[in-house]
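The values are calculated or read from the model by the stated rules, or taken from the named source; none is laboratory data. Note that the coordinates shown come from a computational prediction; the quantities given were computed from them, not determined experimentally. Note that we place each Cβ from the backbone using ideal geometry, even for glycine, and neighbour counts take in every protein chain shown.
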Amino acid sequence: MDRAVIKFSSEDCGTCHKMSFYDQKVAEELGLRFINCMMQDTVTYRQYRKILLAQYPDKEGMGWPTYIVCDSPDAEFKILGEVKGGHPKGEFRSRLQAVLETVPAGEG
């Protein structure tokens, strides 16, 4: 199964930039494929926009950055959960692990 975390962020977001020093490494250590989707990168954003809009139809309430954990992001995706906003490395890892722990046995 292709399980991934998609980071939706912006070039001018200081917190997003700060988290880029460890977010991909943490995601990969947890067995997730990491997809960096900057809003200004129109090609990547168009590819994953449907996932963001499934969670935030009008983008209201999303954090900077917003990490959406999902299965099959390049096909018929299934959103498993999210981590919103900036967090220190340890807390970010804990929040991602908490999302993964909510997936029923046999699906992970």
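For region 2-16, the condition of being within 17 Å of SER94 (Cα to Cα), touching a Lys or Arg at 6+ places or on another chain (Cβ under 7 Å) and of a type in the set (Gly, Ala, Ser) holds for at least one residue. Residues in region 19-61 that are of a type in the set (Lys, Arg) and more than 21 Å from GLU101 (Cα to Cα) were compared, and the one that is surrounded by the most Cβ atoms within 10 Å (Cβ to Cβ) is ARG49. Across region 45-60, the qualifying residues are those that are free of Cβ contacts under 8 Å to residues at least 40 places away in the same chain and among the aromatic types (Phe, Trp, Tyr), and the one among them that is farthest from ILE79 (Cα to Cα) is TYR45. Residues that are in a helix (DSSP H, G or I), of a type in the set (Ser, Thr, Tyr) and touching a residue at least 24 places away in the same chain (Cβ under 8 Å) within region 1-44 comprise just one, THR15. Please verify whether TYR67 is in contact (Cβ under 8 Å) with a residue 24 or more places away in the chain, hydroxyl-bearing (Ser, Thr, Tyr) and under 20 Å from VAL103 (Cβ atoms), treating the condition exactly as stated. Yes.
Okay, residues lined up against (1) under 16 Å from ALA4 (Cβ atoms); (2) at pLDDT 95 or above; (3) assigned to a helix (DSSP H, G or I):
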position	(1), (2), (3)
ASP58	no, no, no
MET62	no, no, no
VAL69	yes, yes, no
PRO73	yes, yes, no
GLU91	no, yes, yes
SER94	no, yes, yes
VAL99	yes, yes, yes
GLU107	yes, no, no
